[in-house]
1. Out of (1) open to solvent by less than 30 Å² (accessible area, probe 1.4 Å); (2) more than 16 Å from the ligand (Cβ to nearest atom); (3) not in a helix (DSSP H, G or I), what's the single condition that is false for Gln222?
2. Could you look through region 206-219, keep only residues that are surrounded by fewer than 15 Cβ atoms within 10 Å (Cβ to Cβ) and either aliphatic (A, V, I, L, M) or in a loop (DSSP other than H, G, I, E, B) (or both), and pick out the one that is farthest from the ligand (Cβ to nearest atom)?
3. Based on this model, can you work out whether Ala154 counts as within 16 Å of the ligand (Cβ to nearest atom), among the small types (Gly, Ala, Ser) and in a helix (DSSP H, G or I)?
4. For region 183-205, give me each residue that is on the phi < 0 side of the Ramachandran plot, within 14 Å of the ligand (Cβ to nearest atom) and in a loop (DSSP other than H, G, I, E, B).
5. Condition check: open to solvent by 60 Å² or more (accessible area, probe 1.4 Å) and in contact with a Lys or Arg (Cβ under 8 Å, 6 or more places away or on another chain). Does Arg181 satisfy that?
6. Name the single residue that is least open to solvent (accessible area, probe 1.4 Å) among those in region 119-147 being among the charged types (D, E, K, R) and within 28 Å of Lys63 (Cα to Cα).
7. Could you go through region 75-85 and let me know if any residue there is open to solvent by less than 100 Å² (accessible area, probe 1.4 Å), under 30 Å from Ala170 (Cβ atoms), in a helix (DSSP H, G or I) and not aliphatic (A, V, I, L, M).
8. Note down all Cβ pairs under 6 Å where the first residue falls in region 40-56 and is touching a residue at least 40 places away in the same chain (Cβ under 8 Å), the second is open to solvent by 60 Å² or more (accessible area, probe 1.4 Å) and assigned to a helix (DSSP H, G or I), and they're at least six residues apart or on different chains.
Amino acid sequence: MSIYIEQIEQLVVLQKVDSEMITLERVLEDAPKQLRSLQEKQAYLKQQQGVIQEKVDVLLEQKGRIESEIENDTQKVKKSKNKLMMVENTKEYHAMMREMDNMEKQNRTREEERANLVADLSDLEGRKETLQKDIDALGETIAAQQSTLDQELAEKRTRLEVLDKEKKKASEAVPAPILTRYNFIRSRIPNPVIVPVSEGVCKGCNIVIPPQAFIDLQKGEQILSCPNCLRIIFWERHFAETD
Ligand SMILES: [Zn+2]
């Protein structure tokens, strides 16, 4: 095997390890984000529920006040009715009748108010219940995701450690100047940085490389870069199987 082919092979190995590491690192970074967004959503729903509870508290207080007013006036009307029997003065009788009438009218208004409050309260309770169901469902999803995530992340970290060792080994096999070039390109260009050329097309940027560069590449004498995307290129036919 020529030195050139050997070096390209080493770079391809390095590229494979790096690709897997990059994918794993992205998962490690993104996976907790999903969980966090679910937790934020749940916190928001809980906050919404708190807002509704505050309204419920206000309405319950109003309802309590109205009910005690109704009760008070009902008692007063009852007492007045008892007194009415003993009133002999017509004027006083009419005055009492009017007062009772007023209290009963007010109580009817209060009953209407109370009925509205009860309807509003039942509406709010319904919304609270719906929110509670969503909160519970999210809670289950979060708990399930948390436990799989912990396990998944632990596995990925272990795999990363293995890859890190493989990367060191693969890096050691690559001559220093080529490794420097590889790392330089890696720091500037999105993965992958070692790409095959197939039918004269760079698989990194999908652009046809100039004919002379393609002829040079096929000679397999020196490590070349794609003139367009600057990735290190190799001719796919130099490797019957790259896997
Ligand atoms: Zn290219």
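1. Single failed check for Gln222: (1).
2. Of everything passing the filter in region 206-219, Ile215 is farthest from the ligand (Cβ to nearest atom).
3. no
4. Those that are on the phi < 0 side of the Ramachandran plot, within 14 Å of the ligand (Cβ to nearest atom) and in a loop (DSSP other than H, G, I, E, B): Arg188, Ile189, Pro190, Asn191, Pro192, Val193, Lys203, Gly204, Cys205.
5. Judged against the criteria, Arg181 is not a match.
6. Lys128
7. no
8. The qualifying pairs are Leu45/Asp134; Ile52/Arg127.
The values are calculated or read from the model by the stated rules, or taken from the named source; none is laboratory data. These figures come from a predicted structure and were not determined experimentally. Cβ coordinates were reconstructed from backbone atoms using ideal geometry, including for glycine residues, and neighbour counts include every protein chain displayed. Ligands, DNA and RNA are stripped out before the accessible areas are found, and what is left, the full protein with its side chains, is counted by its heavy atoms. Shrake-Rupley method; radii C 1.70, N 1.55, O 1.52, S 1.80 Å.
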